[in-house]
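Engineer: One structure follows; several queries about it will come next.
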Amino acid sequence: MNPSTPIPADTGEKTGAENTSFPPHDTFPPDPGSPRFPDLSTGMTLEQIIDLTGELVHLNELVMMHIENTGGFVGTDAYFRTVQPLLDLLEVEIRIRCGSGITQQQMKLVVHDWIDKEIRVCRKGGRVQGT
């Protein structure tokens, strides 16, 4: 997935990735005071989502850990082979857990929690699935 590729609306189809320990978006408690996140059906890019949630520095921390775990920066191709699966996994997480009506704070929590989980995996010496 290219971070600039729009994330299409959730069609309701099962992707096989539904076995997650995180609750689906409809289990978030109502938060009437928080602004709504822009509707994902409008084709927001992953880059836009990361920008709106303010999680770029946090995501970069995860990327740098993966690069270090795979021998450091050895070229652009190796960098993208490391980063692309991470972005794909984050996209899947967003598709599973987020739907229309999610607030900006809830989206931030989804992205933040996913990054934290993957950082814990890296610190334990494990590798994220797909990388």
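The values are calculated or read from the model by the stated rules, or taken from the named source; none is laboratory data. This is a predicted model, so every value here is computed, not measured. Methodologically, a virtual Cβ is constructed for each residue, glycine included, from the backbone with ideal geometry; neighbour enumeration extends over all protein chains shown.
Engineer: Counting only residues that are assigned to a helix (DSSP H, G or I) and touching a helix residue (DSSP H, G or I) at 6+ places or on another chain (Cβ under 7 Å), how many does the range 88-103 have? Break it down stepwise before answering.
Structural biologist: Step one: of the range 88-103, the residues assigned to a helix (DSSP H, G or I) are 88-97.
Right, trim to touching a helix residue (DSSP H, G or I) at 6+ places or on another chain (Cβ under 7 Å) and you get 90-91, 93-94, 97.
Residues that pass the stated criteria total 5.
Engineer: Right, another one. Which residues, counting only those in the range 43-76, are in a helix (DSSP H, G or I), touching a Ser or Thr at 6+ places or on another chain (Cβ under 8 Å) and free of Cβ contacts under 8 Å to residues at least 60 places away in the same chain?
Structural biologist: Answer for the range 43-76, where residues must be in a helix (DSSP H, G or I), touching a Ser or Thr at 6+ places or on another chain (Cβ under 8 Å) and free of Cβ contacts under 8 Å to residues at least 60 places away in the same chain: Leu46, Glu47, Val63, Ile67.
Engineer: Here is a follow-up. Can you name the residue in the range 110-122 that is surrounded by 17 or more Cβ atoms within 10 Å (Cβ to Cβ) and not β-branched (Val, Ile, Thr) and is also modelled with the lowest pLDDT among such residues?
Structural biologist: Among those residues, the one meeting the criterion is Cys122.
Engineer: Among the candidates Gly101, Gly125, Gly72, single out the residue that is surrounded by fewer than 16 Cβ atoms within 10 Å (Cβ to Cβ), within 20 Å of Gly43 (Cα to Cα) and not hydroxyl-bearing (Ser, Thr, Tyr).
Structural biologist: Going through Gly101, Gly125, Gly72 in turn, the sole match is Gly101.
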